[in-house]
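Notes follow once the structure below has been shown.
Nothing in this text is a laboratory measurement; each read-out follows from the coordinates by a stated rule. Predicted model only: the values in this text are computed from it and were never measured. When we count neighbours, we look across all protein chains shown, and the Cβ atoms used for this are built from the backbone with ideal geometry, even at glycine.
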Amino acid sequence: MKPPNVSTEPPTRVPQFTVRLSSTGRGARLARRLAVQQLAAWGVPYDSETSQAVVLVTAELAANAVTHGRTPGRDFRLTLLFLPEHTAVRVEVTDTRPERLPHDSAAEPAALDASSGRGLLLVAEYAERWGWEVRDAYTKIVWAEVLWPA
């Protein structure tokens with residue numbers, strides 16, 4: 001006998017790709033390349049606006065993980081989620097510095113002569129939405145969702 005209010009339908013699985021990469025410039029470059037390859041495997045053309053936007057967002061989040069979220073000897077994690085119900089690709093980068101939260105670049109703009117500090121403005125421009133989560137004392141996830149035409 002089936003218990004009441006229990007679904008017999010299997011849970012819907014969201015296509016995803018996850019990889020751990022070294023917290024180095026090489027790891028950040030590899031994150032971009034792997035993102036392009038995974039999108040192509042999901043049917044998003046390499047030269048499409050969606051692919052280019054996801055690669056830019058991935059590059060910025062990975063670079064931030066390597067620059068600001070690095071703990072020596074610990075990797076960062078890249079996760080891509082294909083969200084068909086939202087017509088979006090979610091990029092998640094998990095780093096090892098939960099105490100170092102991203103700054104809202106629009107609220108705290110970088111100085112005009114600064115050589116950095118504008119990357120999250122690009123993320124905000126190319127992503128439908130973005131944010132971060134601290135789920136434990138050891139990691140934080142910075143994520144962004146990029147829309148694609150249905």
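Gain in length, Glu128 to Val14, computed as 0.36 nm per residue apart minus the alpha-carbon separation, to one decimal in nm? Present the calculation step by step, with values, prior to reporting the outcome.
Numbers: separation 114, 0.36 × 114 = 41.04 nm, distance 1.89 nm.
Fully extending the segment from Glu128 to Val14 adds 39.2 nm.
Multiply the residue gap between Trp42 and His68 by 0.36 nm, knock off their C-alpha separation, and tell me the result in nm, one decimal place. It would help to have the intermediate numbers written out before the result.
Working: separation 26, 0.36 × 26 = 9.36 nm, distance 3.05 nm.
Length difference between fully extended and current span is 6.3 nm.
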- Message: Apply the Karplus curve 6.51 cos²θ - 1.76 cosθ + 1.60, θ = phi - 60°, to the phi angles in the range 78-94 and return the couplings in whole Hz, x for Gly and Pro.
- Response: 9, 10, 10, 10, 8, 10, x, 5, 9, 6, 9, 10, 9, 9, 10, 10, 9
- Separation of the Arg118 and Thr87 label points, Cα + 7 Å toward Cβ, nm: 3.1 nm
